[in-house]
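Heads up, the thing below is written out as structure tokens.
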Amino acid sequence: MGDLLAKIVPLAIGAAFSPTVLAVELLILSAPKRALARASAYVLGVVTVLLGLTVVGLRVTDHGTPPGAGPDPVTRAIDGTLGFVLLLLALRTVAHAWATRGEERDSPEDGQQPGRFSSLPASFGFGIVMMLSNFSTILLYLPALRAVNAAQVDVTQQVVAVAILFVITVTPIVAPIVVRVVAPGPAGRWLGSLHTLVTRYQTQLAVGVEVIFGVYLLVKAIRG
């Protein structure tokens, strides 16, 4: 179990970094009307996609590895492919930032988004869309699920591992809701500052995650 956690926890931490998804949530929480309800609906949409990805990912990556078979070629292929794709995403992110440099623009979610997604169903749907387009999280979540499937542990340990993976991944997106409920007064200042920080360094954070974990998966694939 310890070896399995050592494989999935780093991937879960990488999957948990979703600057754009988090920035949208923080923006919704700063809205003057029904902020908590709308943000909760948005987070529910994000979590719904992650639950679906967990179920589908476990089935898609379920290719058993016989005990003592040595390095799993399927796992290595998945890791290598997704690592390469993450590096391509990093290049795309950099290219997009370079192409739009000097433009007077806010983040995609700034400006009119709170008004556009004022209803709870719209906020829920927007959470789904944002998570489905959150490729870095998906590309790190899938190899973690594969690691669970390939591990020579019993079903109970696999369930625990998946639960840990899921909780780590959703913690950053659920935490602002918890903070807003527990400390509604200071939460406005804290979350506002966090939104400014995340929005300002959104590109750097995204590229950092994509490069670091892209290289991590490629090295992992090579080493077996």
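Spin-label point model (7 Å from Cα, Cβ direction): what's the Arg76 to Ala97 distance in nm?
3.4 nm
Which ³J(HN,Hα) values, rounded to whole Hz and listed in residue order, are derived for region 2-9 from phi using the Karplus coefficients 6.51, -1.76 and 1.60 in 6.51 cos²θ - 1.76 cosθ + 1.60 with θ = phi - 60°, glycine and proline given as x?
x, 5, 5, 5, 5, 7, 8, 5
Please work out the Kirkwood hydrodynamic radius for the chain, using every pair of different C-alpha atoms, and report it in angstroms with one decimal place.
So the Kirkwood estimate lands at 18.4 Å.
Over the chain, what is the relative contact order in percent, taking alpha-carbon pairs closer than 8 angstrom and at least six residues apart?
Relative contact order of the chain: 49 percent.
Cα axis of helix 135-150 to longest principal axis of the chain: angle in degrees, 0 to 90, nearest 10?
That works out to roughly 30 degrees.
Please state the charge dipole magnitude for the chain, taken about the Cα centre, from unit charges on C-beta atoms (+1 on K and R, -1 on D and E), reported in debye and rounded to the nearest 20.
300 debye
Once phi is turned into ³J(HN,Hα) by the Karplus curve 6.51 cos²θ - 1.76 cosθ + 1.60 with θ = phi - 60°, what whole-Hz value does each residue of region 74-91 show in order, with x for glycine and proline?
Values, residue by residue: 5, 4, 5, 5, 5, 4, x, 5, 5, x, 5, 5, 4, 5, 5, 4, 4, 5 Hz.
How do 35-46, 123-134 rank on mean C-beta neighbours within 10 Å, highest first?
The peptides rank, most packed first, as 35-46, 123-134.
Could you state the per residue volume, in Å³, of the convex hull enclosing the Cα atoms of region 156-224?
93 Å³
Once the piece of chain linking Leu88 and Val181 is laid out straight, how much longer is it, given 0.36 nm per residue of separation minus the C-alpha distance between them?
29.6 nm
Determine, for each peptide in 89-96, 210-217, the mean count of other beta carbons within 10 angstrom over its residues, then list the peptides with the highest first.
In descending order of packing, they fall as 210-217, 89-96.
Mind checking the angle between helix 120-132 and the chain's longest principal axis? C-alpha axes, 0 to 90 degrees, to the nearest 10.
Orientation of helix 120-132: about 40 degrees from the principal axis.
State the Kirkwood hydrodynamic radius of region 114-165 in Å, one decimal place, computed from all pairs of distinct Cα atoms.
13.3 Å
In deg cm²/dmol, rounded to 500, what helix-only [θ] at 222 nm does the chain give when every DSSP H run of at least 4 residues adds -39500 (n - 2.57) and the total is split over its residues?
-27000 deg cm²/dmol
How far is helix 184-200 tilted, in degrees, relative to the longest principal axis of the Cα atoms in the chain, given as a value from 0 to 90 rounded to the nearest 10?
Tilt of helix 184-200: around 70 degrees.
Rule-based calculations on the coordinates, nothing more; no lab input. Everything quoted here is computed from the prediction, not taken from an experiment. Cβ coordinates were reconstructed from backbone atoms using ideal geometry, including for glycine residues, and neighbour counts include every protein chain displayed.
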